[in-house]
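One structure coming up, written as structure tokens, with questions to follow.
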Amino acid sequence: MRKPDGPLPAARRRLVLSMAALSQWTWRQWAIAAAWAAAVALLLGFATVLIPNEVFSREIPPTPWSYPTWITTSVLSGMLMATYARPPGRETPAGRLAGRGSRWGITGGFLAWFAIGCPVCNKIALLALGYSGAVAYFAPLQPWLAAVALVSTIIALAYRLSGQIECAMPQRQAGHLERVDR
């Protein structure tokens, strides 16, 4: 297969393949996506106190962009997790595209957590910068972290979805045993 001429044609091709994969999803894959989206939303929401709770506390109130970032990250992460459920009738090999998608997805989730969390409740930022440094230097970086987190998760989802079409293999017939000669 011929490689695309540049990054834009490659991205366009990956987007077309991703949309084709989404159009072939079954109700099972959408249900898995919804369940994982809810799980991610609860995990991020409780840990960053976007969902008020008694376990965690937040010293600085959430910013207005924290809520859309939280919900978008949860939905995209749920869809990303659903790509790991094998579609009925085919196998998707674990390969180069799967590994790349995993790294981008983990990066996106990790950055989203830092982006929507309280800047002074983040122990890493607090230890590295102190209270005033976390407010003065880390808090202004949080919207950028949110943007990078969303882009990373979208890239991961595009790799995983396009891989379902590009690298799809037919499923083996049930009861078929492969013979290995030594």
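The values are calculated or read from the model by the stated rules, or taken from the named source; none is laboratory data. Just so we're clear, the structure is a prediction, and the values are computed from it rather than from any experiment. Each accessible area value is taken on the protein alone, full model and side chains, heavy atoms only, with ligands, DNA and RNA left out. Shrake-Rupley method; radii C 1.70, N 1.55, O 1.52, S 1.80 Å.
Across segment 81-138, which residue is modelled with the lowest pLDDT among those that are open to solvent by 70 Å² or more (accessible area, probe 1.4 Å) and not in a helix (DSSP H, G or I)?
Ala94
When you go through Ala41, Ala21 one by one, which is the residue that is part of a helix (DSSP H, G or I), within 16 Å of Met79 (Cα to Cα) and either polar (S, T, N, Q) or within 14 Å of the chain's Cα centre (by Cα) (or both)? Break it down into steps so the answer makes sense when it comes.
On the way: Ala21 fails: either polar (S, T, N, Q) or within 14 Å of the chain's Cα centre (by Cα) (or both).
Result of the check over Ala41, Ala21: Ala41.
Quick check, is Trp70 of a type in the set (Phe, Trp, Tyr), open to solvent by less than 40 Å² (accessible area, probe 1.4 Å) and part of a helix (DSSP H, G or I)? Break it down stepwise before answering.
Details: of a type in the set (Phe, Trp, Tyr): yes; open to solvent by less than 40 Å² (accessible area, probe 1.4 Å): yes; part of a helix (DSSP H, G or I): yes.
Against the criterion (of a type in the set (Phe, Trp, Tyr), open to solvent by less than 40 Å² (accessible area, probe 1.4 Å) and part of a helix (DSSP H, G or I)), Trp70 qualifies.
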